[in-house]
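*Asks:* Dropping the structure in here first, questions after.
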Amino acid sequence: MPIKYNLTRYDILANKIHKIIVKRAPDQESDPEDDEDLKTIAILIASFSSAHAWQTHKSIVGRETLNKPEIKDEHREAEAERWRQVSSYDIEELAKENISDNIFNEWLFFNVEKEKQQAYKSAWNKLKAEIADGLDINVNEQ
């Protein structure tokens, strides 16, 4: 009897992120540009998730300024290591928060170096498209 799994788009995105963390075998094809995009998406998730960046999350929810040293520190930590710990729950939380582009742009202006801002904007748009519809996907395994 086949085993049936219900996966959300959040699960699939989290799985893609975790695949770039694991060392790839030499025979596996990998596009470094796609990997870099996924890493940037993971950094954004870690930068906004309450589990990884409590001060940032609190400031967004409370409509406070995003120009604080604590928020800059949380972003640096997300870039360094926390992006590796992103889970589907973090992605789901971000989808439910529905962060506006204005809030994102304010955060981007204060916390990301100018050279990286275009990559972050691109990743933000891809992330929004990816999490816009968190419907279940059925997967059958034999």
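*Asks:* Considering every residue within the stretch 36-48, establish whether at least one is at pLDDT 90 or above and part of a loop (DSSP other than H, G, I, E, B).
*Replies:* Kept after step one, since they are at pLDDT 90 or above, are these residues of the stretch 36-48: 38-48.
Now drop any that are not part of a loop (DSSP other than H, G, I, E, B), which leaves none.
Checked the stretch 36-48: no residue is at pLDDT 90 or above and part of a loop (DSSP other than H, G, I, E, B).
*Asks:* Of the residues that sit in the stretch 103-131 and are among the aromatic types (Phe, Trp, Tyr), more than 15 Å from Asp37 (Cβ to Cβ) and crowded, with 16+ Cβ neighbours inside 10 Å, which one is nearest to the chain's Cα centre (by Cα)? Break it down into steps so the answer makes sense when it comes.
*Replies:* Taking the stretch 103-131 and keeping what is among the aromatic types (Phe, Trp, Tyr), we get 104, 107, 109-110, 120, 124.
After this cut, where a residue has to be more than 15 Å from Asp37 (Cβ to Cβ) as well, the list is 104, 107, 109-110.
Those still in the list that are crowded, with 16+ Cβ neighbours inside 10 Å too: 104, 107.
Details: Phe104: 13, Trp107: 15 Å.
Going through the qualifying residues, I end up with Phe104.
*Asks:* Continuing with the same structure: Only one residue in Asn98, Asn105 is more than 11 Å from Ser47 (Cα to Cα) and modelled with pLDDT under 90, so which one is that?
*Replies:* After applying the criteria, what remains is Asn98.
*Asks:* Hand me the list of helices (runs of 4 or more DSSP H) wholly inside the stretch 50-140 holding 2 or more residues that are aromatic (Phe, Trp, Tyr). Even if it seems obvious, please write down each step before you answer.
*Replies:* On the way: elements: 54-61, 69-80, 88-97, 101-111, 114-131.
Where helices (runs of 4 or more DSSP H) fall fully within the stretch 50-140 and carry at least 2 residues being aromatic (Phe, Trp, Tyr), they are 101-111, 114-131.
*Asks:* Give me the pairs, please: first residue somewhere in the stretch 102-130 and under 17 Å from Leu66 (Cα atoms), second residue anywhere and charged (D, E, K, R), beta-carbon distance under 6 Å, and either six or more positions apart or on two chains.
*Replies:* Close Cβ pairs satisfying both conditions: Asn111/Lys72.
*Asks:* To continue, here is another question. Yes or no: Trp124 under 26 Å from Leu7 (Cβ atoms), in contact with a Leu (Cβ under 9 Å, 6 or more places away or on another chain) and either at pLDDT below 95 or not β-branched (Val, Ile, Thr) (or both)? Give the derivation first.
*Replies:* On the way: under 26 Å from Leu7 (Cβ atoms): yes; in contact with a Leu (Cβ under 9 Å, 6 or more places away or on another chain): yes; either at pLDDT below 95 or not β-branched (Val, Ile, Thr) (or both): yes.
The answer is yes for Trp124.
*Asks:* Got at least one residue in the stretch 16-24 being of a type outside the set (Lys, Arg), outside any helix (DSSP H, G or I) and at pLDDT 90 or above? First the steps, then the outcome.
*Replies:* Of all residues in the stretch 16-24, those of a type outside the set (Lys, Arg) come to 17-18, 20-22.
Narrowing further to those that are outside any helix (DSSP H, G or I): 22.
Checking the rest, the ones that are also at pLDDT 90 or above come to none.
Taking every residue of the stretch 16-24 in turn, none turns out to be of a type outside the set (Lys, Arg), outside any helix (DSSP H, G or I) and at pLDDT 90 or above.
The values are calculated or read from the model by the stated rules, or taken from the named source; none is laboratory data. Fair warning: this is a prediction, and the values are worked out from it, not measured in the lab. Don't worry about glycine lacking a Cβ; one is built from the backbone with ideal geometry, like all the others, and counts go over all protein chains shown.
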